[in-house]
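The values are calculated or read from the model by the stated rules, or taken from the named source; none is laboratory data. Every value quoted in this text rests on a predicted model; they were computed, and no experiment measured them. Counting neighbours? That spans all protein chains shown, and the Cβs are built from the backbone with ideal geometry, glycine included.
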Amino acid sequence: MNYQTGLANEIAIDPQEWRERLTSYYRETGTRSSAKQISVAMALGEQMAYTNADTLWLFMRRQKIQISRATVYKTLTWLVGAGFVHKKGNGHRTALYLVNQIQARFLATE
């Protein structure tokens, strides 16, 4: 259990299914996707606890992914709006993000 967030580290998201679900959503809604947006979503899917946008951006940069902070923030906003990601405030003017557990369970059982 992650004592910082109070969540068990049992959210397992199959990367292939996560990618397919995202691209399917793009197709169904007629939304234009980009490789960078998919990269942000995939990186967030690897996180087992709530993370903020800057930490996610640093995680991606360490993996040699060339991406701007603005793209990370915009993509996280889109993921929240689409219902894929839960956003919560931490009381320090920083939002924290995590792939919705319901969405993760849905992907695991599809």
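Some observations on this one:
- Residue 60 touching a Leu at 6+ places or on another chain (Cβ under 9 Å), over 14 Å from residue 98 (Cβ atoms) and at pLDDT 90 or above: no
- Pair list, Cβ < 8 Å and 6+ apart or interchain, from the stretch 35-47 residues that are in contact (Cβ under 8 Å) with a residue 12 or more places away in the chain to residues that are of a type in the set (Ser, Thr, Tyr) and in a helix (DSSP H, G or I): 36/71; 36/75; 37/71; 37/75; 38/23; 40/71; 40/75; 41/75
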